[in-house]
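Structure first, then comments.
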Amino acid sequence: MNDDQTLAQQITTGIQWGFISTDEVKPHIKDNLNPELPIRPYQAEAFSRFAYYTGRYSDRIKPTQLLFHMATGSGKTLIMAGCILDLYEQGYRHFICFVNNSNVIEKTRDNFLNSRSSKYLFNDTLSIADKKIAIRAVDNFETASRGDINMVFTTIQGLHARLNTPRENSLTYEDFEDKKIVLISDEAHHINAETKKGAKTKGEVARILSWECTVNKIFKAHSDNYLLEFTATVDLSNKEIEKKYRDKLLFDYPLKQFRIDKYSKEVQVLQADLPPFERALQAVMLNQYRRKVFETHGLHIKPVILFKSKTIKASRDFFGEFVSRIQSLTPPTVDGIKNRPGNPTLQKAFRYLDGKGITTAALIAELKVDFSRDKCIAVDSKNDSEEKQLALNSLEDENNAYRAVFAVDKLNEGWDVLNLFDIVRLYDTRDSKAGKIGKTTMSEAQLIGRGARYCPFKVSAEQPLYQRKYDGDLERDLRICEELYYHSAHNPKYISELNSALAEIGIKASKTVQRRLKLKDRFKQTNFYKSGVIYVNEKKGCDRSGIYKLDASVRDKIYKEKFPTGYTSVSRAFGDALQGNIKNTAQIHELGSFGKPILRKAIDELPFYRFDNLQGYFPHLSSITAFITSAAFLKDVQIEMEGAAAQVQNPDNEMKLAAAVSVLDEISKLIRRGAVEFEGTRRFKPQDISYTFTDKTMNIVVDEDADREYGMPQSETANSDLFIDLSRADWYAYSDNYGTDQEKYLVRYIEQAYNSLRNKYAEIYLIRNEKHFKLYTFDDGRAVEPDFVLFLKGKNRDKSPTYQLFIEAKGKHLVANDRWKEKFLKQIEAKYELHTVFESKDFKLIGMPFYNEENKRQFDDNLHEVLNYEMDDSLPR
């Protein structure tokens, strides 16, 4: 292992060089996870890293300890579930899942075992290697099922107590001596109590029975054991912790990257020199504004506010004041907020409400209902119950009416809510000293981080559900629905400390800038802008009109189901074993021979086989009966039943049903795996240039990664190789370019080619695509947003074609991961079809290879080939 790199960094290097693929998730993982929880790209990468380390990594340490450092809200439990499935496939059957507190373990248990839960992690049925399996909760492994996933759910304190003060039917250290165990630690930073203490003598270690010692004792009991740790807050700044995890940190996906990838809300800190209730009322106005924006777009999402107090008494007092003053709210109070200067967000909210015809009186009437006493909930250590915990953990449910939560410190790492949009800090103290972030400030930042989980929504089919959509269009009304507001008293020192804490945990950029992307006025006056078009394709459901039957590979496969024979034997202790073998017989049956009632019942057990769902895959299917009785579908599918001869030659109805469910479950996974849900059309339709490309305000994160050019105007860059005053360049449509270094190099490349191009083309325009349009891959409909489109109109308008070139500039570290985009771009020229009424106009659409300044030969050669022009010899090639 390279001493200069962590394990995670080594694997990252392998991914960047293309040695490790992150595109594919093993079928036994993908097929057995809940299809309603789509695997995100970074989750697929986590699975790929795990597969590489367990299967191909030459320096693997045994027993194996690995850490997944993943942001709050990034789906750590889904990764746990996938790793469990992968390890089951490798022969593991015994799993211990432990966390720090009982609230979290109950939620974890529910996610793993309760198939009716909206957060259930697995598919309706589980099967690996043609065998149906189950997940079983057990207290110990003495009664574990050899064919299933056996899981002990416990707190770390409970595990420690059970093993060091053993009781009947409880886990003991002896349980681990002859079994391969997988330990799964959620919120794993809690098990590092011993590591943080630093070096110890052997005598000290022997005397300390800590949580970490308990876990390590289990872990080291067998050389094939695994310890998989999951946390969002490992303290890698601690030298002992960093040293411990250098060769164990498998995947590092911190909150900062989670936010950069747009999976979180954007955090805004709003300070106001106002008394607590007036600050709370501002939050209420913004919260209600969000609700109205959601409703305008047909989204039934209820925004929630958290009011945070310093003490239990203060929280209870404010609860009473809030409820009372909301009910006595008057128009002058609301108008006072409306007319208060200095808060553009609130002013925008009131303009929106005015535009919808909502009067002050109507708004007050709404607030009195929405924030009445029965829709406010208070929780603290002295005012808690199981009923309240259930309410707090289901705030997103339609039948949960709570809009406001009043708390002190009760809502810690076990709280998981997505529709929290405002947090109001009702006190005005700070505990930071000598420039060091205080403990209270850091805990407040961590609370904000938990609240910043993205609330999923979309208003068009092509939008991502779980990611921010309006970073590049801040003026859209829905932008407020992607933001979490933290309302504080006016206290500049505290706000500075809080911003430092937010930047440290990664939920807020250390520096952001707003950039105005503006088309040049003279470009807007051109005929090209006024009457020109850009051709784009569309995303559509995959055309399955030509599919009339199950694929032959599915129909012709022989499915296998093994049944227990019931065979038993007796042998003498200390004597020779009595001879006797279990005689199994295999018999092939056709599913159709089981009869319609059996197959209908089996189908009813699997939601995949709802008729409306089946018709999505087989549009010509006329009925469930036809699916059962037709040779094009199930009738002739064969199943090999193995067991005692009497069983398999004449199976009873119970065996037939079990076998049918197992086979149908496997077939459903094969259907899903082979089906492509979407595709990009080959036909490209014209879209007005003036409609497509507009002015907009963008939110840009500065200095977050190695590319410091992003967000910097090309007219202001300190890099002399990249500097261009684009305001003078008629061929560049926008007034400036705020792109990455590679995007700026591409613009410079076109500038250098401009004189040569002008000899052949009458009009040349390079237009930056800041989420103005999308293309969709022909194969599976994935969205691609090329960085630029280059338009070239020939001098002979009747004979010369107009070229439309899609261009993507790409840093070397991103090429391997985005190769699928380049593949699509290269397919465009051969596959596109134009939908146009302008028969006399000849358009040619071309997708270019990736542009990279250090490796641009292919791009360069391709451009010369398709345009057939000569570049000045003096220009770099």
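Restricted to the stretch 673-685, and to residues there that are out of contact with any helix residue (DSSP H, G or I) (no Cβ under 8 Å at 6 or more places or on another chain) and open to solvent by 50 Å² or more (accessible area, probe 1.4 Å), the residue that is farthest from residue 474 (Cα to Cα) is 676.
Screening 217, 243, 197 for residues that are surrounded by fewer than 16 Cβ atoms within 10 Å (Cβ to Cβ), modelled with pLDDT under 90 and over 26 Å from residue 57 (Cα atoms) leaves exactly one candidate, 197.
Restricting 293, 334, 269 to residues that are more than 30 Å from residue 46 (Cα to Cα) and outside any helix (DSSP H, G or I) narrows the list to 269. Criterion applied to 617, 609 was being modelled with pLDDT under 90 and on the phi < 0 side of the Ramachandran plot, and the one residue passing it is 617. In the set (1) open to solvent by less than 60 Å² (accessible area, probe 1.4 Å); (2) under 27 Å from the mean Cα position of the chain (by Cα), residue 102 fails one condition alone, (1). Residues in the stretch 469-486 that are in a loop (DSSP other than H, G, I, E, B), out of contact with any strand residue (DSSP E or B) (no Cβ under 7 Å at 6 or more places or on another chain) and buried (at least 18 other Cβ atoms within 10 Å of the Cβ): 469, 470.
Within the stretch 257-276, the set of residues being surrounded by 21 or more Cβ atoms within 10 Å (Cβ to Cβ) and more than 23 Å from residue 342 (Cβ to Cβ) comprises 258, 259, 263, 264, 265. Taking (1) among the aliphatic types (A, V, I, L, M); (2) open to solvent by 40 Å² or more (accessible area, probe 1.4 Å); (3) modelled with pLDDT of 90 or more in turn, residue 181 satisfies each apart from (2).
Looking across the stretch 120-148 at every residue that is closer than 17 Å to residue 31 by Cα and open to solvent by 60 Å² or more (accessible area, probe 1.4 Å), the one that is modelled with the lowest pLDDT is identified as 130. Out of curiosity, is residue 307 in a helix (DSSP H, G or I), hydrophobic (A, V, I, L, M, F, W, C) and touching a strand residue (DSSP E or B) at 6+ places or on another chain (Cβ under 9 Å)? Judged against the criteria, residue 307 is not a match. The number of residues in the stretch 19-68 being assigned to a loop (DSSP other than H, G, I, E, B), of a type in the set (D, E, K, R) and either farther than 26 Å from residue 245 by Cα or touching a Leu at 6+ places or on another chain (Cβ under 8 Å) (or both) comes to 5.
Screening residue 291 with (1) charged (D, E, K, R); (2) surrounded by fewer than 16 Cβ atoms within 10 Å (Cβ to Cβ); (3) under 21 Å from residue 370 (Cβ atoms) gives one miss only, at (2).
Consider the stretch 77-124. How many of its residues are among the charged types (D, E, K, R) and part of a helix (DSSP H, G or I)?
Qualifying residue count, the stretch 77-124: 6.
All conditions in (1) in a helix (DSSP H, G or I); (2) modelled with pLDDT under 95; (3) over 30 Å from residue 607 (Cα atoms) hold for residue 669, with the sole exception of (3). Only a single criterion out of (1) within 26 Å of the chain's Cα centre (by Cα); (2) closer than 30 Å to residue 134 by Cα; (3) open to solvent by less than 10 Å² (accessible area, probe 1.4 Å) is not satisfied by residue 663, namely (1). The criterion of at least 1 residues that are in contact with a helix residue (DSSP H, G or I) (Cβ under 6 Å, 6 or more places away or on another chain) is met, among strands (runs of 3 or more DSSP E) falling completely within the stretch 501-562, by 533-536, 558-562.
The values are calculated or read from the model by the stated rules, or taken from the named source; none is laboratory data. Just so we're clear, the structure is a prediction, and the values are computed from it rather than from any experiment. No Cβ is skipped: glycine too gets one built from the backbone with ideal geometry, and neighbour counts run over all protein chains shown. Areas reflect the complete protein model, heavy atoms only, side chains present, ligands, DNA and RNA absent. Shrake-Rupley method; radii C 1.70, N 1.55, O 1.52, S 1.80 Å.
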